[in-house]
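I have placed the structure first, in the form of structure tokens, so that the comments after it can refer back to it.
The values are calculated or read from the model by the stated rules, or taken from the named source; none is laboratory data. Note that the structure is a prediction, hence the values are computed from the model and not measured. Cβ sites come from the backbone with ideal geometry, for glycine too, and all protein chains shown count toward neighbours. Side chains included, ligands, DNA and RNA excluded: accessible areas come from the protein's heavy atoms. Shrake-Rupley method; radii C 1.70, N 1.55, O 1.52, S 1.80 Å.
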Amino acid sequence: MKYWDPKIETMQRKELGKLQFKRLKKSVKTAYRNVPFYKRKFDEMGIKPDDVRSLSDISKLPQTTRTDFADTYPFGLFAVPMEDIVRIHSSSGTTGKPKVVGYTQGDIETWGNLLARNFTMVGLSRKDIFQNSVNYGLFTGGLGIHTGIETLGATAIPAGTGSTLRQLEMMVDFGVTAFHCTPSYALYLAETAVDHNLVGQLKLKTGCLGAEPWSENMRKTIEEMLEIKAYDCYGLSEMIGPGIAFECSCQDGMHIWDDHFLAEVLDENGDQVSEGEKGELVLTSLTKEGLINVRYRTGDITRLLEPECECGRCSTRVSRMMGRVDDMIIVRGVNVFPTQIQDVISKIPEVTNQFCIVLTRNSKNLDEMTVQVELAKDAFTDDILKIEEIQKRVVDELMTVLSIRTNVDLLEFGSIERTGGKAKRIIDNREVI
């Protein structure tokens, strides 16, 4: 096995706990002393930093939410003076004020090392040529991943988004061996590579994919089409960006780096779940300087796995993200996650992995859900009976998983927009009716 920092990556749980506790005390004291928001929160709960006497005391501390970023916009959560902030990133802000995060020079170095650790874990080295096919700018996936590539010592290609055929041509011309993008865009790259007979000319071996939920079947499709190994990469700008957790070569859950983040997976009541159970991932910063998050509710749903892994690492492990709390839609009283629909259609060979959920209300003011799904290229036919047969199969499979009747529209291959960013899976028109 390859390690970037073997002493930390293979540290036993007891020793790792001691390191976490030492860093937790420092982070909590710094947040209380330097961030008025946290001082007020702690004081309201009657808690002082010295009340944290063990890792289990994390449950006594206040939680931080997305709303808190809006309430303190733009720099109210920063833990250092602005002259110590060397870079600012933020979320897109499509549903309100963006969540602004600041980085010290130490944060940038930590970030680069975390990503280099992740890349080493999946077999990359300074000999690789790495194409970063995401948006550069305030989005953390651009400069963040780029910093990690350069920290590793590999050759970085800042391709950005768009111009899919040109992206593939660069991969061929430059001998690219690894790339980073969203899973939905990786699928589009794969489709385009197959259409233009480019797969045989590619030297790709590794795909690092993240920023949106994706299924195991989608992974297999991407791997088979591009003849690569695809790994799940997790992060969020509020904590640091991509690199918080990553799959190892075993491809059996993601390792969260416990030396930098204290992870909790909480149920609906705010209690820690047991191994094998799912809940919301809650993270606390242990080494971040510019912005320290205490018990940040990520909104991401995951499953807690046993920490032992065949790779020898002993860090907290979680499943790939199963969806987001705020992505859950309620249709006639039933909870539905887009990932459930993705899992269903990915097992039906006559349709692609591309889909869109359209929500409306009928004349009786009842919710209606229509799932738009593309026919696979070789499944497109003028045979009405064949189309109806495929449509019925999709409807029946969705009914089995979701326990509600859905409408299904079968679209021609390529009808659903492909994008270099996160795929838009839900169109909710219920409020406008």
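Whenever you get a sec, compute what percent of the accessible area on segment 77-184 sits on carbon and sulfur atoms (1.4 Å probe).
After summing per-atom areas, the C and S share lands at 52 percent.
Pick out, in residue order, every one of the chymotrypsin sites (Phe, Trp or Tyr not before Pro) in segment 197-267 that is DSSP loop and has at most 15 other C-beta atoms within 10 Å; say none if there are none.
none
Given the options LEU304, LEU55, LEU77, which has the most mean-square fluctuation in a GNM of the chain, springs set between C-alpha atoms less than 10 angstrom apart?
LEU55
State the extension gain, in nm to one decimal, for the chain segment bounded by LYS377 and ASN429, taking 0.36 nm per residue of separation less the distance between their alpha-carbons.
Gain on stretching LYS377 to ASN429: 15.8 nm.
For segment 1-135, what does the alpha-carbon gyration tensor say about shape, rounded, prolate or oblate, given a ≥ b ≥ c as the root eigenvalues, a/c under 1.5 as rounded, and a/b over b/c as prolate?
Because a/c hits 1.5 or more and a/b fails to exceed b/c, segment 1-135 counts as oblate.
Provide the FRET efficiency to the nearest 0.05 for the THR192-GLU15 pair, computing r from the beta carbons and using R0 = 51 Å.
Working from the Cβ atoms, E equals 0.60.
Tell me the relative contact order for segment 95-211 as a rounded percent, counting alpha carbon contacts under 8 Å between residues six or more apart.
Normalised by residue count, the contact order of segment 95-211 is 25 percent.
Roughly how many Å² of CYS309 are accessible to a 1.4 Å probe, to the nearest 10?
In the full protein context, CYS309 sits at about 30 Å².
Relative to the first principal axis of the alpha-carbon coordinates of the chain, what is the inclination of helix 164-174, with its axis defined by its Cα atoms, in degrees from 0 to 90 and to the nearest 10?
70
With the crude spin-label approximation of a point 7 Å out along Cα→Cβ, what separation in nm comes out for VAL334 versus ASP271?
Taking the simple label geometry, VAL334 and ASP271 are separated by 2.9 nm.
Given a 1.4 Å probe, how much area per residue of the chain is accessible, in Å²?
About 45 Å² of surface per residue is accessible.
Determine, from the Cβ-Cβ distance of SER59 and LYS7 and an R0 of 35 Å, the FRET efficiency 1/(1 + (r/R0)^6), rounded to the nearest 0.05.
0.75
Only bridges whose two residues both fall in segment 44-190 count here: according to DSSP, what percent of them are antiparallel, nearest 5?
Restricted to segment 44-190, the bridges split so that about 40 percent are antiparallel.
Using DSSP to define loop residues, name the trypsin sites (Lys or Arg not before Pro) in segment 1-92 whose beta-carbon has at most 15 other beta-carbon atoms within 10 Å.
LYS2, ARG53
Using a Gaussian network model of the chain with C-alpha springs under 10 Å, which one of ASN135, ASN113, ASN335 is most mobile by mean-square fluctuation?
Highest fluctuation among the options: ASN335.
Which of the listed residues, THR177, SER125, GLN201, is farthest toward the dipole's positive end in the chain, when Lys, Arg count +1 and Asp, Glu count -1 at the beta-carbon?
In the chain, that residue is SER125.
Need one number: nm distance between label points at GLU83 and PHE413, each 7 Å from Cα along Cα→Cβ, rounded to one decimal.
The modelled label-to-label distance comes out at 6.2 nm.
Find how many whole Å separate the alpha carbon centroid of segment 301-344 from the alpha carbon centroid of segment 134-166.
Cα centroid to Cα centroid, the span is 26 Å.
Once fully extended, how much extra length lies between LYS220 and PHE174, figured as 0.36 nm per residue of separation less the alpha-carbon to alpha-carbon distance?
Difference between extended and current length: 14.0 nm.
Could you pull out every residue, at least 5 positions away or on a different chain, whose amide H is within less than 5 Å of the one on GLY299? Hs are placed 1.01 Å off N in the peptide plane, and Pro or chain starts have none.
Excluding prolines and chain starts, which carry no amide H, the hits are LEU281.
With angles folded into 0 to 90 degrees, how steeply does helix 105-121 sit against the dominant principal axis of the chain? Use alpha carbons for both and round to 10.
50
Full-extension gain between THR370 and GLU389, please, as 0.36 nm times their residue separation minus the C-alpha to C-alpha distance.
5.1 nm
Looking only at GLY253, GLY144, GLY153, which one moves most when the chain is put into a Gaussian network model with springs between Cα atoms under 10 Å?
GLY153
Using a simple charge model, +1 on the beta-carbon of Lys and Arg, -1 on the beta-carbon of Asp and Glu, nothing else, what dipole does segment 227-344 show about its Cα centre, in debye to the nearest 20?
Roughly 280 debye, rounded to the nearest 20.
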